[in-house]
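Here the structure comes first, spelled out in structure tokens, and everything after it is commentary.
The values are calculated or read from the model by the stated rules, or taken from the named source; none is laboratory data. The model shown is predicted, which means the values in this text are computed figures rather than measured ones. So basically every Cβ, Gly included, is an ideal-geometry build from the backbone, and we count neighbours across all protein chains shown. With ligands, DNA and RNA removed, areas are computed over all heavy atoms of the protein, side chains included. Shrake-Rupley method; radii C 1.70, N 1.55, O 1.52, S 1.80 Å.
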Amino acid sequence: MKQNIAVAIDGPAAAGKSTVAKIIAEKLTYVYIDTGAMYRALTYKAIKEGVSLEEERSLMNLLKDTTIDLQQSVEGQKVILDGEEVTLDIRTEQVTNQVSIVAKHGEVRHEMVKRQRELALKRGVVMDGRDIGTHVIPDAEVKIFLIASVQERAERRHKENLEKGFSSDLEKLKDEIRRRDKIDSEREVSPLLKAEDAVEIDTTSLSIIEVAEKILRVVHDKLDRGE
Ligand SMILES: Nc1ncnc2c1ncn2[C@@H]1O[C@H](COP(=O)(O)OP(=O)(O)O)[C@@H](O)[C@H]1O
Ligand SMILES: Nc1ccn([C@@H]2O[C@H](COP(=O)(O)OP(=O)(O)O)[C@@H](O)[C@H]2O)c(=O)n1
């Protein structure tokens, strides 16, 4: 029976992917890989170095000299950019609102996908993003597509912001989520899409634990069948 499989979790912004991916990885003692953090890290560096986010060539020049490490720690996943921790820096509104522009570029995606596939090679991974089931690990044993209404997703982010002591505007969050979903879904290269063989879960009226339990059930069914 296969014990180390790949679990791919995709879906739009703030659907709950990273929250449940971390829980699933912990329960299975798998490695959690946040692919969004990789696009965010490149976006952060490009903004800091004044590189145009629209210019694919310049971004590729930057990316080829960039290391992005995802480290597991007791406090959660740390994102290390060129040896410096940027875990919190890549979550600012400025990065969030521009990351989808960087993620549109085909060559950037090609390089990121190459790095992500290397991380998934050994299996025993839970990877979340937008194109994991369709493109990064098309042969993932379990594929999940999480969705929730825009209202619910914006409310979740709003609550999260307020809890962190950040200022937050619900209407603005709704607009930003809609805008990012649109760019991610309409881009030419590996857009946000449910894989044909993915299990879709609408998390709008489900708790975090309920979502995690549903996914774990799919994983255990797969492991029990030994496929
Ligand atoms: N099922 C759920 N019910 C309520 N809140 C949730 C649920 N899933 C996630 N959240 C909260 O919503 C916010 C966004 O979740 P996150 O995992 O960051 O989404 P994503 O990785 O898809 O962008 C977080 O504050 C998280 O705690
Ligand atoms: N596999 C992935 C992961 C993220 N991304 C891009 O990176 C952005 C940030 O991803 P994220 O997972 O950190 O976003 P949140 O949903 O957590 O806000 C997305 O909006 C996409 O533009 C992508 O294109 N492909």
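Among the conditions (1) within 30 Å of HIS220 (Cβ to Cβ); (2) more than 12 Å from ligand 1 (Cβ to nearest atom), LEU146 misses just one, which is (2).
Residues in segment 25-45 that are open to solvent by 20 Å² or more (accessible area, probe 1.4 Å) and of a type in the set (S, T, N, Q): THR29 only. Considering THR66, THR19, which residue is modelled with pLDDT of 95 or more, open to solvent by 50 Å² or more (accessible area, probe 1.4 Å) and within 16 Å of ligand 2 (Cβ to nearest atom)? After applying the criteria, what remains is THR19.
In segment 87-130, which residue that is assigned to a loop (DSSP other than H, G, I, E, B) and more than 16 Å from the chain's Cα centre (by Cα) is farthest from LEU223 (Cα to Cα)? Spell out how you get there, then give the answer.
Applying the first criterion (assigned to a loop (DSSP other than H, G, I, E, B)) to segment 87-130 yields 87-88, 92, 103-105, 121-124, 130.
In the following step, the residues that additionally are more than 16 Å from the chain's Cα centre (by Cα) were identified as 105, 121-124.
Details: HIS105: 36, LEU121: 18, LYS122: 16, ARG123: 13, GLY124: 12 Å.
Applying the filter and picking the extreme gives HIS105.
Within segment 186-198, being surrounded by 17 or more Cβ atoms within 10 Å (Cβ to Cβ) and either of a type in the set (Ser, Thr, Tyr) or more than 15 Å from ligand 2 (Cβ to nearest atom) (or both) holds for one residue alone: SER190. Residues in segment 131-185 that are part of a loop (DSSP other than H, G, I, E, B) and polar (S, T, N, Q) were compared, and the one that is surrounded by the fewest Cβ atoms within 10 Å (Cβ to Cβ) is SER167. Within segment 194-210, the only residue that satisfies the criterion of being within 9 Å of ligand 1 (Cβ to nearest atom) and in contact with a Gly (Cβ under 6 Å, 6 or more places away or on another chain) is THR203. Cβ-Cβ distances below 7 Å connect the following pairs, each with a first residue in segment 200-212 that is touching a residue at least 12 places away in the same chain (Cβ under 8 Å), a second residue that is small (Gly, Ala, Ser), and a separation of six or more residues or different chains: ASP202/ALA148; THR203/ALA15; THR203/GLY16; THR203/ALA148; THR204/ALA148; THR204/SER149; ILE208/GLY16; VAL211/GLY16. Among the residues making up segment 46-55, those that are surrounded by fewer than 22 Cβ atoms within 10 Å (Cβ to Cβ) and within 16 Å of ligand 2 (Cβ to nearest atom) are ILE47, LEU53, GLU54.
Can you name the residue in segment 6-16 that is of a type in the set (A, V, I, L, M, F, W, C) and open to solvent by less than 10 Å² (accessible area, probe 1.4 Å) and is also nearest to ligand 2 (Cβ to nearest atom) among such residues? Among those residues, the one meeting the criterion is ALA13.
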